[in-house]
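Novice: Supplied in structure tokens, the structure appears directly below.
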Amino acid sequence: MEKIIKLMDETEIKVGLVGNPNHKTIMLPIAKESVYGQEAENLKLWGMDPELGKHFVEGLVNEFQVMYFDYEGHRLQNTNPENLTPNHIVNDLILIADEMNINTFSYYGYSWLALVGLQLAIRTNRLESLIMGGFPPLDGPYKEMMVVTNKTYQQALENQNSPVLDEQQNIESPEEIDWDMIKVKIDTNQTKQFVTMYKNLMNFNDRNIQHQLSIPKLTFAGEQDTIVYGENFGSVTVDIVGILEKTKEELQHWGWEVEIIKGNEINHTKAMQPIIVLPLIKAWLIKTLKQN
């Protein structure tokens, strides 16, 4: 079943629900629409699955009911620069669950959609379990991401009227890119909405909320998930795996299961691909939800 749902800002998003309704439900806001042709080939160059959403849904539907949609894609097409706050996003997710007649569910999010899952977990009692990939639940890099996002927004403003080489042109692989030379030329509202989101998280203390999270929870990152940003992006390091390793014992004390996906090439992008992460989250969900 697919349904078009009107969100809090009156924009419309397509949401799917498949699987046995007697099974536990997994919310997948990371379910990107499949792309084909040259666009698919470009994604493969970056190690990305052009059918990411489809493969996640197919991988989980035999054991669970899957509620899936592409929230990031929706926000890139339907920007909300002034109001994309954690409260607003959580209200969108709750609205989607209500419209699909799903009362309780598990949540899997990756990167910024992982931190959204943490915000969801402290604002509702409807979560049965939480999986955060590519963003640590403790000592999260909110301030670093605020710097990177703000710098991206400033570049987008400055480059709106300047000729900027399309980064897809004449590039055989990502390894050829000099990231310090990249110029950002995107819709300013696309990046401003994430400035708004992180600005509203500057006073958030993820240490103070751990006692609220009594549900089963898993956090993971790739072994090489450390991003060093050049001067254009604020000269900050977002060390996802380093934070997870540093806080692992403390997280386990709070009931988190912590997994580092091993491999020399398992960086932030690779660790979100279905072929890498699906076996981990599926096994964990089966173990966790069948215990409850």
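We did not get these values from a lab; they are worked out from the coordinates using the rules stated. Source: prediction; values computed, not measured. In this analysis, Cβ positions are derived from the backbone assuming ideal geometry, glycine residues included, and neighbour counts consider all displayed protein chains.
Novice: Can you tell me which of Trp256, Trp112, Trp46 moves the most in a GNM of the chain? Springs connect C-alpha atoms under 10 Å apart.
Specialist: Trp46
Novice: Let me ask another. Could you give the length gained on full extension between Ile4 and Asn20, defined as 0.36 nm per residue of separation minus the Cα-Cα distance, in nm? List each step's numbers first, then the result.
Specialist: Details: separation 16, 0.36 × 16 = 5.76 nm, distance 2.08 nm.
Roughly 3.7 nm would be gained on extension.
Novice: Okay, moving on. I want to verify a result. In a Gaussian network model of the chain, Cα cutoff 10 Å, which of these has the top mean-square fluctuation: Met132, Met27, Met48?
Specialist: Most flexible of the set in this elastic network: Met48.
Novice: Just add up the charged neighbours of Gly19: K/R +1, D/E -1, any other residue whose Cβ is under 12 Å from the Cβ of Gly19.
Specialist: On the way: positive: Lys24; negative: Glu58, Glu63.
Result for the neighbourhood of Gly19: -1.
Novice: For Lys6, give me every one of the lysines with a C-alpha distance below 25 angstrom, ignoring sequence neighbours fewer than eight places off in its own chain.
Specialist: Lys14, Lys24, Lys32, Lys54, Lys192
Novice: When percent of Cα pairs over 25 Å apart is calculated directly from the model, which label among (i) 48; (ii) 44; (iii) 64 fits?
Specialist: (i)
Novice: How high is the relative contact order of the chain? Use alpha-carbon pairs under 8 Å, at least six apart in sequence, and give a whole percent.
Specialist: Relative contact order comes out at 20 percent.
Novice: Okay, moving on. Taking 0.36 nm per residue of sequence separation and subtracting the Cα-Cα distance, how much length would be gained by fully extending the chain between Phe204 and Gln154, in nm to one decimal?
Specialist: 15.6 nm
Novice: Okay, next question. Which angle between 0 and 90 degrees, to the nearest 10, do you get for helix 86-99 versus the longest principal axis of the chain when only C-alpha atoms count?
Specialist: 50 degrees
Novice: Starting from the Cα-Cα distance between Ala283 and Glu41, subtract it from 0.36 nm times their residue separation and give me the gain in nm to one decimal.
Specialist: Net length gain for the segment: 84.1 nm.
Novice: Label-point separation (nm) for Ile94 and Ile122, each offset 7 Å from Cα along Cα-to-Cβ?
Specialist: Taking the two extended label points, one gets 1.5 nm.
Novice: While we're here: Roughly what angle does helix 188-199 make with the longest principal axis of the chain, taking Cα atoms, 0 to 90 degrees, to the nearest 10?
Specialist: Tilt relative to the chain: about 60 degrees.
Novice: Taking the Cα centroid of the stretch 70-121 and of the stretch 1-20, what is the distance between the two, rounded to the nearest whole Å?
Specialist: So the separation of the two Cα centres works out to 12 Å.
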